[in-house]
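Working notes for the structure below.
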Amino acid sequence: MPSPARHALPAGARIVVALMAAASLLAGCGSLPNPLATPTPRDGLHPRPPAQPVAQPTAVPTPVPEKLTELQRQRQVWTRTGLASYRLRMLFGCQCELGSKTVDITVDRGTVTDASIDGTPLGLDHLVGVPATVDQLFDYAERNAGAGKDELKYDKLLGYPLALGVDPDTNARDDEIRIVILQLTPGR
């Protein structure tokens, strides 16, 4: 006859111990990093992480040829002006640090040299990832030409974007951006 175990647990206690061990194992696995996760690149206009897809991910938008052609035509009009130094007064509409703020920007030979909000200096680091020159606005519009929804309005004389609206994913919330150039003053 086999000898009984000295400290055998009753069947109910063994189940409780097994459940506690499984719970500990699962809790430990939840704190491990996901090896398949890819970091979202920083974008000054969209500081919140993008909404996670619930269905199969969609392909990168393909630029719409008609819009790209108009954008390129307007960019040529702007380039012919030869303006490389100017002041901009821009209004940003986005879920970002600059949202609902009017920003005065000085561009000297194509480079942002000064920025302020209501006369208060704004560090240029606040404009990283944000289209703050006319050329950057054209670049941003071109990159997003195949977005879920994009709108552009150009200055009739100089060709620069007066207003730009982009909604990369019409099903996601808080990823849309609107930029309006309220004033462009030529510099030296």
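The values are calculated or read from the model by the stated rules, or taken from the named source; none is laboratory data. The structure displayed is predicted, hence computed values, not measured ones. Cβ placement follows ideal geometry from the backbone for every residue including glycine, while neighbour counts extend to all protein chains displayed.
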Conditions (1) in contact with a Leu (Cβ under 8 Å, 6 or more places away or on another chain); (2) surrounded by 16 or more Cβ atoms within 10 Å (Cβ to Cβ); (3) touching a residue at least 60 places away in the same chain (Cβ under 8 Å); number of the one not met by R75: (1)
Which condition from (1) closer than 16 Å to Q72 by Cα; (2) at pLDDT below 90; (3) surrounded by 16 or more Cβ atoms within 10 Å (Cβ to Cβ) is the one that E142 breaks? (3)
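Are any residues in segment 74-91 out of contact with any Gly (no Cβ under 6 Å at 6 or more places or on another chain) and either over 13 Å from K153 (Cα atoms) or modelled with pLDDT under 90 (or both), and if so, which ones? Steps first, please.
We begin by selecting, within segment 74-91, every residue out of contact with any Gly (no Cβ under 6 Å at 6 or more places or on another chain); these are 75-76, 79-83, 87-91.
If the condition is that a residue be out of contact with any Gly (no Cβ under 6 Å at 6 or more places or on another chain) and either over 13 Å from K153 (Cα atoms) or modelled with pLDDT under 90 (or both), then Q76, T79, R80, T81, G82, L83, R87, L88, R89, M90, L91 are the ones that fit.
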Qualifying positions in segment 96-118 - assigned to a strand (DSSP E or B) and among the basic types (K, R): K101
So the check is Cβ under 7 Å with 6+ separation or different chains; which pairs have a first residue in segment 111-132 that's on the phi < 0 side of the Ramachandran plot and surrounded by 14 or more Cβ atoms within 10 Å (Cβ to Cβ) and a second one that's aliphatic (A, V, I, L, M) and in a loop (DSSP other than H, G, I, E, B)? V112/A132; A115/L122; V130/L45; V130/L98
Looking at (1) more than 14 Å from R75 (Cα to Cα); (2) acidic (D, E); (3) modelled with pLDDT of 90 or more, can you tell me which one D135 breaks? (1)
